[in-house]
Amino acid sequence: KNEVEQSPQNLTAQEGEFITINCSYSVGISALHWLQQHPGGGIVSLFMLSSGKKKHGRLIATINIQEKHSSLHITASHPRDSAVYICAVRSFPSGSRLTFGEGTQLTVNP
Amino acid sequence: NAGVTQTPKFQVLKTGQSMTLQCAQDMNHNSMYWYRQDPGMGLRLIYYSASEGTTDKGEVPNGYNVSRLNKREFSLRLESAAPSQTSVYFCASSEGGAWHQPQHFGDGTRLSIL
């Protein structure tokens, strides 16, 4: 079993829909990251969380440390949100190293 | 700022050939990383360098070597390429090891080994 599991693997939505991507992990962590990989391959960091909730524009990330679970929400989705969303955790023994989930492929249709 | 620059962007090699992937960052970051990304798998760490002058193995180091040439540059070498090393390789950097510091990624190198 992978240390970081994401669901769903693939998600198709209509423009305007509210989207949720889930991430569960099995190790103790110091932080959880959400990243976005564009269709061209580039990867950008969206959020870093150690507790609670963060919001940036239409994106919201939450984490529940006790349940070892995080969610990434996208409100009023748009076709330009189509990308792979990746969850990664920084576990306690690993210092600055990250362990990545397989990613969720999101497609938003107009 | 260019951020993290990887060269080349694409490369095709024959089995047994060697090559070096180059990575440079202009953000004065201390830590640098090499990952590979394969279909159906998450990014996996090959090697990393926590600071200039140090390198450490990651999850999948076999078949690779690295050099932290200076604070800016971190290269990945395949001494004798194998088809199993066909992958997309990403270099990343971060200011340090603190949890709140993001990793900045290059655009990737698509490597095919025939």
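Derivation of every value follows stated rules applied to the coordinates shown; laboratory data play no part. Source: prediction; values computed, not measured. Please note: Cβ atoms are built from the backbone with ideal geometry, for glycine as well, and neighbour counts cover all protein chains shown.
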Pairwise label distance in nanometres, residue B:22 with residue A:18, each label 7 Å out on the Cα-Cβ vector: 5.0 nm
Cut-off of 10 Å, at most 13 other beta carbons, DSSP loop: longest stretch of chain A lacking such GluC sites (Glu not before Pro): A:16-66
Long-range amide H partners of residue A:78 with built H, under 5 Å: A:16
The protein assembly as shown, dipole about Cα centre (Lys/Arg Cβ +1, Asp/Glu Cβ -1), debye to the nearest 20: 180 debye
For region A:1-76, size of Cβ-based charge dipole, Lys and Arg +1, Asp and Glu -1, in debye: 240 debye
Estimated FRET transfer efficiency (residue B:57, residue A:60; beta-carbon r; R0 41 Å; 0.05): 0.65
Per-residue mean of C-beta atoms belonging to partner chains within 10 Å, peptide A:43-51: 4
Partners for residue A:53 among lysines (Cα-Cα distance below 20 Å; same-chain residues under 8 apart left out): A:68
Viscosity 1.002 mPa s, temperature 20 °C, Stokes-Einstein D of region A:56-110 from Kirkwood C-alpha radius, µm²/s: 164 µm²/s
Neighbouring partner chain Cβ atoms per residue of B:84-92, average, 10 Å criterion: 1
For chain B, alpha-carbon Rg and Dmax in angstrom: 13.3, 41
Semi-axis lengths, Å, chain A, gyration tensor of Cα atoms, sqrt of 5 times eigenvalues: 23, 14, 12
Inter-chain Cβ neighbour average for residues B:41-48, partner chain, 10 Å: 5
Cross-link pairs B:14/B:57; A:55/B:71; B:9/B:57 - those with Cα-Cα distance over 28 Å: A:55/B:71
Rg [Å, one decimal], Dmax [Å, integer] - the protein assembly as shown, C-alpha atoms: 17.4, 51
Ranked by how many other beta carbons lie within 10 Å on average, peptides A:86-92, B:79-85, B:19-25 from highest: A:86-92, B:19-25, B:79-85
Charge context of residue B:9, other residues only, Cβ under 9 angstrom, K/R +1, D/E -1: 0
Distance in nm between pseudo-label sites at residue A:27 and residue A:107 (7 Å out along the Cβ direction from Cα): 3.3 nm
